[in-house]
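The values are calculated or read from the model by the stated rules, or taken from the named source; none is laboratory data. Note that the structure is a prediction, hence the values are computed from the model and not measured. Side chains included, ligands, DNA and RNA excluded: accessible areas come from the protein's heavy atoms. Shrake-Rupley method; radii C 1.70, N 1.55, O 1.52, S 1.80 Å.
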Amino acid sequence: MRLDAVHRLAVVGTLVAAGAAALAACGSHPPPPAVTPSGSEASIPTQAAGARAQLAARAAAAQDRHMLALYTLTAPGQPPRTVAVVRANDDTWRVDVPGGALGGAVDVSVVETRAGLFQCSTPSLEQLVTGSCVRVADPGGSIAAAYDPRVQHPFTDWLDVLTDPRVALAVSNVAPLRGVSGACYTVDSTSTSLSAPLDVGIYCFADDGTLTGAKVSFGTLTLAGAPGEGPPTASLPGPVVAGEPLPTAAPPSPTASAGLGG
């Protein structure tokens, strides 16, 4: 019994000595410590880059989105309006803006077809207006600021800005706007240029590229119901006529005009 006990102690001592030697050998060349950037150095730029990429991907999907959708437009001092947006299967488009011209007195549409970019007065019994369109630019062109209702931009050329990595934008994730689904992002321009390439504000998109909401200079857009399928092409609401497009500003009142003339 005594010899067995001594033998077991000797075996245990040998194992302990071998384990200690192994630990010493491993400890002689420890792996270099991992360098972990601080939150201010890594997490914020990574999050910003991630938000920029997410927004660009959703805006790219929006460029390929063919749909017919209605949006509620709210702006300070104005009643809610319903904006109709058409992105047709042939990549033509149309945006109807109630009260988009003459200080809210006339409904207008901005339409781009293969023939050009048009500003149109929308037929309305209430306003006693017959529909007609004025060509203002070639396809892909722009409307002069005095005639531009601006509501069409989040569905058209501002998508080009959001998908262009060369444009200096600061993008971050933000909580959804009230009544808006999808992912929302704050967008600001980091350029020192006096003219920003798009309105700074909040833009919200569904996974399929549907703009679900936006809060920008002209007001807040909120998707009203599920979009329908896009039509084959976008149509003009009236014939093309010669003349000038309608300005967005209200015309001077007759009293003011008479005073100026006197």
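Contact order for the stretch 63-183, expressed relative to its length and based on alpha carbon pairs under 8 Å spaced 6+ residues apart, stands at 14 percent.
Oblate is the label for the stretch 188-257, because the ratio a/c of its alpha-carbon gyration tensor axes (a ≥ b ≥ c) is 1.5 or higher and a/b is not greater than b/c. In the complete set of protein chains, residue-level accessible area for residue 52 is approximately 40 Å², probe 1.4 angstrom. Fully extending the segment from residue 226 to residue 178, taken as 0.36 nm per residue of separation minus the present Cα-Cα distance, adds 15.6 nm.
Where the accessible area of the stretch 166-221 is counted over protein heavy atoms with a 1.4 Å probe, how much of it, in %, is carbon and sulfur?
Working: 1460 of 2760 Å².
Taking all protein chains in place, the stretch 166-221 shows 53 percent carbon and sulfur surface.
Would you kindly state how much longer the chain becomes between residue 70 and residue 138 on full extension, computed as 0.36 nm times their sequence separation minus their alpha carbon distance, in nm to one decimal? Write down the numbers at each step before the final one.
Values: separation 68, 0.36 × 68 = 24.48 nm, distance 2.64 nm.
That works out to 21.8 nm of additional length.
Two numbers describe the Cα atoms of the stretch 127-220: Rg and Dmax, which are 15.3, 46 Å.
Per-residue SASA remark: residue 244, around 140 Å² accessible (1.4 Å probe; ligands, DNA and RNA not included).
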